[in-house]
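**Student:** Got a structure here, written out as structure tokens. Questions coming.
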Amino acid sequence: MWIERNNKLCASFEFSDFNEAFAFMTQVAATAEKMQHHPWWSNEYNKVSFELTTHDANNTITAKDHALAEAIDGIFETV
């Protein structure tokens, strides 16, 4: 589901409604904080989109981005 585009890992997730999307975002926020790796994301109603890149590595994709993407996938599977 994740694709590399412009030195970023990108993915979008769709939910049944806004509340489900927001619950997902809340869980991702807590996980990102624990990992100290904060994503760029957007939300429109039932869709949440991400662009992951590591600013400390000159805005390239690193293991930190892959680890966060994997964590986000795990959260999505449980929502």
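The values are calculated or read from the model by the stated rules, or taken from the named source; none is laboratory data. The structure presented is a predicted model; accordingly, all values stated were derived computationally and were not measured. Every residue, glycine among them, receives a Cβ derived from its backbone with ideal geometry; neighbour counts consider all protein chains shown.
**Student:** For segment 40-62, does any single residue satisfy the condition of being of a type in the set (Ser, Thr, Tyr) and touching a His at 6+ places or on another chain (Cβ under 8 Å)?
**Tutor:** The answer is yes, given that some residue of segment 40-62 is of a type in the set (Ser, Thr, Tyr) and touching a His at 6+ places or on another chain (Cβ under 8 Å).
**Student:** Can you find, within segment 36-79, the residue that is farthest from Ala23 (Cα to Cα) among those that are out of contact with any helix residue (DSSP H, G or I) (no Cβ under 6 Å at 6 or more places or on another chain) and of a type in the set (Gly, Ala, Ser)?
**Tutor:** It comes out as Ala57.
**Student:** If you take the residues in segment 40-79 that are part of a loop (DSSP other than H, G, I, E, B) and either in contact with a Gly (Cβ under 7 Å, 6 or more places away or on another chain) or at pLDDT below 95 (or both), which one is nearest to Arg5 (Cα to Cα)?
**Tutor:** Applying the filter and picking the extreme gives Asn59.
**Student:** Might you let me know whether segment 12-25 holds any residue that is more than 17 Å from Phe76 (Cβ to Cβ) and in contact (Cβ under 8 Å) with a residue 40 or more places away in the chain?
**Tutor:** No - not one qualifying residue is present in segment 12-25.
**Student:** Hey, could you check segment 26-58 for residues that are among the polar types (S, T, N, Q) and surrounded by 13 or more Cβ atoms within 10 Å (Cβ to Cβ) and say which is farthest from Ile75 (Cα to Cα)?
**Tutor:** Looking at the filtered set, the residue picked out is Thr54.
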